[in-house]
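The values are calculated or read from the model by the stated rules, or taken from the named source; none is laboratory data. Note that the structure is predicted; figures quoted are calculated from it, not measured. Ideal geometry is used to build each Cβ from the backbone, glycine not excepted, and the neighbour counts take in all protein chains shown.
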Amino acid sequence: MAVAGLLMLVASAPADGREVTLTAADVGYIQSDGPRPEGRILVRFEMPEALQVGEVEFAVLELRTPVSTDEGVSCVVVDAFPLTREWDGATVAWDGAWSTPGGDFDRSEHAVWIAQPGEDSLLRFDVTDMVSGWASGTLTNNGVVLAVSLGWPGALEAYSAQGAAPAISTLLVYYTLHPDVDR
């Protein structure tokens, strides 16, 4: 039996809430060298002012990208970690300006998705805590890095032959305004 989307994300707008769908401000793809290269996708979104004067209730990062795995393996576990250093999608590299090759990110905070392998696999993450931190300023918004979980037999691949990351990455955010904010 194949496991597809083991985690089901269902969201509804708060009773007095609003929603906003953001398109990625920057995307990048980095890949290690070696006999079994590891690929990672980086995505960053600009936080609108409305989120800074409100409360994030629920946030979902969604994108489609090629996912591969070893033969006989029916799913891949993918993590989304908040990046701790700035980057630029046009110049980002595995061994770039990172302290650690493959990106500087906070392993203590992450979201998980179980993806089916394929040319156009859906990845969907509950990133509510990360987006709340970005909106409130308690977490620096350097975006997220998506990586196959350690020890898992799979890979995230470039979306195109040129090594570009997914063209369409969206962040759906449900939020409520603070009571003292003019509506």
Among the listed residues 147, 158, 135, 165, identify the single one that is modelled with pLDDT of 85 or more, outside any strand (DSSP E or B) and buried (at least 16 other Cβ atoms within 10 Å of the Cβ). 135
Could you list, ordered by first residue, the pairs with Cβ atoms under 8 Å in which the first is in the range 40-58 and within 30 Å of residue 157 (Cα to Cα) and the second is of a type in the set (Asp, Glu) and surrounded by fewer than 14 Cβ atoms within 10 Å (Cβ to Cβ), at least 6 apart or interchain? none
So, of the residues in the range 45-104 that are outside any strand (DSSP E or B) and among the acidic types (Asp, Glu), which turns out to be surrounded by the fewest Cβ atoms within 10 Å (Cβ to Cβ)? 71
Which of the residues spanning the range 115-128 are within 14 Å of the chain's Cα centre (by Cα) and surrounded by fewer than 17 Cβ atoms within 10 Å (Cβ to Cβ)? 122
Mind checking whether some residue in the range 127-145 is under 23 Å from residue 93 (Cβ atoms), free of Cβ contacts under 8 Å to residues at least 24 places away in the same chain and of a type outside the set (D, E, K, R)? no
Considering only residues of the range 23-62 that are β-branched (Val, Ile, Thr) and over 25 Å from residue 102 (Cα atoms), which is modelled with the highest pLDDT? 56
